[in-house]
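Peer 1: Here it is, the structure in full.
The values are calculated or read from the model by the stated rules, or taken from the named source; none is laboratory data. In this text, all values refer to a predicted model and were calculated from it rather than measured experimentally. Cβ: placed from backbone, ideal geometry, glycine included. Neighbour counts: every protein chain shown. Ligands, DNA and RNA are stripped out before the accessible areas are found, and what is left, the full protein with its side chains, is counted by its heavy atoms. Shrake-Rupley method; radii C 1.70, N 1.55, O 1.52, S 1.80 Å.
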Amino acid sequence: AAMVQKYQSPVRVYKHPFELIMAAYERRFPTCPLIPMFVASDTVNEYKSEDEAIHVIERRCKLDIDAPRLLKKIAGVDYVYFVQKNSLNRRERTLHIEAYNETFSNRVIINEHCSYTVHPDNEDWTCFEQSASLDIKSFFGFESTVEKIAMKQYTSNIKKGKEIIEYYLKQLEEEGITFVPRWTPPVACKSESSTCHPRRPVSPAINIPESATKEGLSSKEILTTSSSPSEPTAGTPDDKLDADYIKRYLGDLTPMQESCLIRLRQWLQETHKGKIPKDEHILRFLRARDFNIDKAREILCQSLTWRKQHQVDYILDTWNPPQVLQDYYAGGWHHHDKDGRPLYVLRLGQMDTKGLVRALGEEALLRYVLSINEEGLRRCEENTKVFGRPISSWTCLVDLEGLNMRHLWRPGVKALLRIIEVVEANYPETLGRLLILRAPRVFPVLWTLVSPFIDDNTRKKFLIYAGNDYQGPGGLLDYIDKEIIPDFLGGECMCEVPEGGLVPKSLYRTAEELENEDIKLWTETIYQSASVFKGAPHEVLIQIVDASSVITWDFDVCKGDIVFNIFHSKRAPQPPKKDSLGAHSITSPGGNNVQLIDKVWQLGRDYSMVESPLICKEGESVQGSHVTRWPGFYILQWKFHSMPACATTNLPRVDDVLASLQVSSHKCKVMYYTEVIGSEDFRGSMTSLESSHSGFSQLSAATTSSSQSHSSSMISR
């Protein structure tokens, strides 16, 4: 069975009295030059009440449908007949129109209902509404074609409806008819006629006072048919959308898009007790699913549930972001772009994402991003009022100056992906444009990790500029007024956005603190801790099959100083023997400590060093990556760092002696995480990763890179 197509129009308001609109409407019959497909109409039945208040007329209308010749041949008809029954009630000032098809009524069922009624708040205005349904049971195998033709014809006629009334109103005016008296009951007693039924003088059409619209009462809310004024207007099922309101606050929608919005909104009012989202937000979900009402309803309901669970409606009023965020989160709102969209500036390159995740945990960061999005919705509403046109999305400007390997810290990237996922699901169609500025060479790596999580519709809105390209033609000035380009991008506008900077380690929370707070962050649990002893390094084996993979590492030196190495070997090391005696006996209380490199192996013969050794001090945080050149076995090694004697005097320096005494039992601790990324994940940006270390030297406190290897190890202090 085919889908039943439904249509529901918004309310169309004519600022003319009902009687004048009726005079215009009647001129459509028996034929109307403005509707070429409306070939003829004959009256089949007619009824008038004695007092002439009621007039019912039934017509048979002949339509010449614009359909392919072939289809008409198959169907065997040239014309399609419809029956239209109009019921006019002059006392109540209403006209109800019912129409259905006579031709093919056993194959296709079309029903339409229209009404002209008096505006509830102004008796000199008239409201028009229409709804229809189309059900195609069968049509010689051409069901979908017929459906397309019917929908196309129908929507083009909806658009014409208003033009036709306005055309005939103008014609009446040209003939000098601008007033049609209201119906009055016939009276027997002539002398008392003036007192019997006093007729209100017809007052000129009044505009809704400015103050009402200022207070946020839209014409939509004024247009409620609630009988008593004490009833709350917004949110009642009678609360309807009118066409002017849609155009002014929501945008240019096709008739079918308007219909989807009205139907989804109606469904929400009937099924969701409590807060239902604003019209512009319902519309975002429809847009995100190309106006497929069922799919949109599904994601909208999931989002409403999510909002309830996380109390998102109250986030702006009740949640105060922790001080760390206010100080180190380098993002903020900054005026608006040339289209009037709110502008959000994010200095991602200056932001210590790793530090923020370690100091706050992922939850607080996510909550902060949600509060930014909620503020964005609020600003769109504000700008819609200010600019006099619908603004439903914002523009985001991301400055990547300073982006480095620290931003590729995998738990940080994973936190970012989760945040993107939550935002995509609950704030669809809110990003109007994303301008990515000063993208460094390492950017493609980040991009390839993130882009699969971003919706295709959203991705089309990204503009990426490398280096200073944003200053050239087609750059920033096309999207943002010169006066508000921020100072850090060479503009004249002081930008209040925090500068970011490294989050001090003293603000990091320990794994224990996070556990106590009942947020067991997986970012903490993906780390493994290991102990390193004098003479007993800790080693991790990584087997590489695909020659051009990337090994990434990220570790913190919790205690002591260590040397970090990475080796390559063609042959597999022996699995580590669990040795309970000798050197290893000290490790039993010390946790994770594994040696893989056989004592008989020789460096240069059995295995080779592929990176220069890196000395890491206590409390340091290190990230890096290595692009592998050969398949085989790679070994990451953390080794105890023994203090070298002072070269000039050959005598130990006091500092060194003190430092070595502090390392109790010659034990160091590291917390590490490693991952191998296949080259296919980089989608051809391998070269940019290989060359990326060249851009780091000025960014990082210390950079190690040996000429023969393509390393991009760096220490961020």
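Peer 1: Looking at Thr395, Thr448, which one is in contact with a Lys or Arg (Cβ under 8 Å, 6 or more places away or on another chain), buried (at least 20 other Cβ atoms within 10 Å of the Cβ) and not assigned by the TED database to the domain that holds Asp554?
Peer 2: Sole residue among the options that is in contact with a Lys or Arg (Cβ under 8 Å, 6 or more places away or on another chain), buried (at least 20 other Cβ atoms within 10 Å of the Cβ) and not assigned by the TED database to the domain that holds Asp554: Thr395.
Peer 1: Looking only at region 95-120, count every residue that is over 41 Å from the mean Cα position of the chain (by Cα) and touching a residue at least 60 places away in the same chain (Cβ under 8 Å) and tell me the total.
Peer 2: Going through region 95-120 one residue at a time, the tally reaches 1.
Peer 1: In addition: What are the residues in region 379-426 that are assigned to a loop (DSSP other than H, G, I, E, B), in contact with a His (Cβ under 9 Å, 6 or more places away or on another chain) and either more than 25 Å from Tyr470 (Cβ to Cβ) or among the polar types (S, T, N, Q) (or both), if any?
Peer 2: Across region 379-426, the qualifying residue is only Ser392.
Peer 1: Enumerate the pairs (first residue in region 612-627 and in contact (Cβ under 8 Å) with a residue 40 or more places away in the chain; second residue anywhere and of a type in the set (D, E, K, R) and assigned to a strand (DSSP E or B)) with beta-carbon separation below 7 Å, excluding pairs fewer than 6 apart on the same chain, so at least 6 apart or on different chains.
Peer 2: Glu618/Lys559; Ser621/Asp556; Gln623/Asp554
Peer 1: Looking at this structure, is Arg367 open to solvent by 20 Å² or more (accessible area, probe 1.4 Å), touching a residue at least 60 places away in the same chain (Cβ under 8 Å) and not small (Gly, Ala, Ser)?
Peer 2: no
Peer 1: Would region 360-379 turn up any residue that is in contact with a helix residue (DSSP H, G or I) (Cβ under 9 Å, 6 or more places away or on another chain), among the acidic types (Asp, Glu) and modelled with pLDDT of 90 or more?
Peer 2: yes
Peer 1: Taking Arg347, is it in contact with a helix residue (DSSP H, G or I) (Cβ under 9 Å, 6 or more places away or on another chain), in contact (Cβ under 8 Å) with a residue 24 or more places away in the chain and within 30 Å of Arg248 (Cα to Cα)?
Peer 2: no
Peer 1: I want to confirm something. Restricting to region 31-54 and keeping residues that are β-branched (Val, Ile, Thr) and open to solvent by less than 60 Å² (accessible area, probe 1.4 Å), which single residue is modelled with the highest pLDDT?
Peer 2: Here the answer is Ile54.
Peer 1: Looking only at region 317-345, filter to residues that are buried (at least 21 other Cβ atoms within 10 Å of the Cβ) and either out of contact with any Phe, Trp or Tyr (no Cβ under 9 Å at 6 or more places or on another chain) or not assigned by the TED database to the domain that holds Pro390 (or both); which one of those is nearest to Lys482 (Cα to Cα)?
Peer 2: Looking at the filtered set, the residue picked out is Ala330.
Peer 1: Within the set of pairs 6 or more residues apart or between chains, which connect a residue that is over 23 Å from Pro120 (Cα atoms) inside region 240-254 to a residue that is of a type in the set (Val, Ile, Thr) and at pLDDT below 90 with Cβ atoms less than 9 Å apart?
Peer 2: Thr254/Thr155
Peer 1: Same structure again: How many of the residues in region 51-72 are within 20 Å of Phe38 (Cα to Cα), out of contact with any helix residue (DSSP H, G or I) (no Cβ under 9 Å at 6 or more places or on another chain) and part of a helix (DSSP H, G or I)?
Peer 2: Residues flagged as within 20 Å of Phe38 (Cα to Cα), out of contact with any helix residue (DSSP H, G or I) (no Cβ under 9 Å at 6 or more places or on another chain) and part of a helix (DSSP H, G or I) within region 51-72 amount to 2.
Peer 1: Surrounded by 16 or more Cβ atoms within 10 Å (Cβ to Cβ), at pLDDT 90 or above, over 22 Å from the mean Cα position of the chain (by Cα) and of a type in the set (Asp, Glu) - does that describe any residue in region 256-269?
Peer 2: No, region 256-269 contains no residue that is surrounded by 16 or more Cβ atoms within 10 Å (Cβ to Cβ), at pLDDT 90 or above, over 22 Å from the mean Cα position of the chain (by Cα) and of a type in the set (Asp, Glu).
Peer 1: Follow-up. For region 608-621: of the residues being open to solvent by 20 Å² or more (accessible area, probe 1.4 Å) and more than 12 Å from Asn565 (Cα to Cα), which is modelled with the lowest pLDDT?
Peer 2: Gly619
Peer 1: While we're looking at this one, here's another question. Taking region 272-296 only, how many residues are farther than 20 Å from Gly251 by Cβ and open to solvent by less than 70 Å² (accessible area, probe 1.4 Å)?
Peer 2: Total meeting the criteria: 2.
This table checks each residue for (1) under 35 Å from the mean Cα position of the chain (by Cα); (2) open to solvent by less than 50 Å² (accessible area, probe 1.4 Å).
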{"residue": "Leu134", "(1), (2)": "yes, yes"}
{"residue": "Lys137", "(1), (2)": "no, no"}
{"residue": "Glu147", "(1), (2)": "yes, yes"}
{"residue": "Met151", "(1), (2)": "yes, yes"}
{"residue": "Tyr154", "(1), (2)": "yes, no"}
{"residue": "Leu172", "(1), (2)": "no, yes"}
{"residue": "Gly176", "(1), (2)": "no, no"}
{"residue": "Pro181", "(1), (2)": "no, no"}
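Peer 1: Okay, moving on. Quick one: what pairs do we get from region 543-567, first residue without any contact (Cβ under 8 Å) to a residue 60 or more places away in the chain, second of a type in the set (Lys, Arg), C-beta under 9 Å, 6+ apart or different chains?
Peer 2: Going by the 9 Å Cβ cut-off, there are no qualifying pairs.
Peer 1: Given the criteria among the acidic types (Asp, Glu), more than 18 Å from Thr31 (Cα to Cα) and modelled with pLDDT of 90 or more, does Glu58 qualify?
Peer 2: no
Peer 1: Does Arg441 fit the bill of being of a type outside the set (A, V, I, L, M, F, W, C) and in contact (Cβ under 8 Å) with a residue 12 or more places away in the chain?
Peer 2: Yes: the conditions hold for Arg441.
Peer 1: I would also like to ask the following. Restricting attention to region 545-577, which residues are under 12 Å from Ile635 (Cβ atoms) and among the polar types (S, T, N, Q)?
Peer 2: Residues satisfying the conditions are Asn565, Ser569.
Peer 1: How many residues, within region 478-502, are more than 14 Å from Gly332 (Cβ to Cβ), in a loop (DSSP other than H, G, I, E, B) and out of contact with any Gly (no Cβ under 7 Å at 6 or more places or on another chain)?
Peer 2: 6
Peer 1: Select from region 156-170 the residues that are under 30 Å from Leu70 (Cα atoms) and open to solvent by less than 30 Å² (accessible area, probe 1.4 Å) and list them in ascending order.
Peer 2: Hits for region 156-170 are Ile158, Gly161.
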